[in-house]
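Throughout, read-outs are computed from the coordinates displayed, never taken from laboratory work. Remember, it's a predicted structure, so these values are computed and weren't measured experimentally.
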Amino acid sequence: MFALSVVGHPSPMSFSHKMAERAVRTLREHGVEVSHHDLYAEGFEPVRGGDALVARHRAELAAADLLLVFHPNWWSMPPAMVKGWIDRTFVPEVAYRDAPIGDPPIGLLKARGLVFNTGDTPPEREREVFGDPMQRIWEVGVFGFCGMGPITRRMYAPVTSSSAAQREAWLGEVTLLVAEASR
């Protein structure tokens, strides 16, 4: 099994990074080959340039059996860096193939998806007031469009007011979900 892990948060001290570190460690403990990318640290170019790095991301995306994405929820969407990564890697002939007009695209990705995002809006409010837009973005707009499934997504919030015990419980859930997906 090959897993691609991507974290999109500008602070290396963020809870998004802590989740990614835990997930990568869990995957490796289960004998999974992992390629991990910190988009900000590696200088991923979300708009243009960086063609060699973009090509590597595309090749790894196409080869992945498991895709893990970690990011904060900013204004009911991923950060611009993550959106740019999607725009540059989930491209025709890598992630999908266009179909005749009126037909859905042909998804080319085989990976199962795990998305872990953080926020400061309580999950109940995110669902009841905003309709959980992050779930729709990932499940339908990105992964579903490209043939991926099933998707598991968790939002951990509110992070800024959470206790160390709460964050450790969340990391425990990340560990369990990643271990299950690695089987």
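For the chain, how big is Rg over Rh, using alpha carbon atoms and the Kirkwood form of Rh? Reported Rg/Rh, Kirkwood definition of Rh: 0.95.
Reported to the nearest whole Å, the Cα centre-to-centre distance from the stretch 106-150 to the stretch 1-74 is 17. Amide H contacts of V69: V6, L114, V115, F116, each under 5 Å away and 5 or more positions distant or on a separate chain (H built 1.01 Å from N in the peptide plane; Pro and chain starts excluded). Evaluate the Kirkwood expression for the hydrodynamic radius of the stretch 37-112, namely the inverse of the mean inverse distance over all pairs of different C-alpha atoms, and round to one decimal in Å. Hydrodynamic radius (Kirkwood, Cα only) of the stretch 37-112 equals 13.5 Å. For F2, the residues whose amide H sits under 5 Å from its own are D65, L66, ignoring neighbours fewer than 5 places away on the same chain, with H placed 1.01 Å from N. Rounded to the nearest 500, the 222 nm mean residue ellipticity of the chain from helices alone is -11000 deg cm²/dmol, with -39,500 (n - 2.57) taken per DSSP H run of at least 4 residues.
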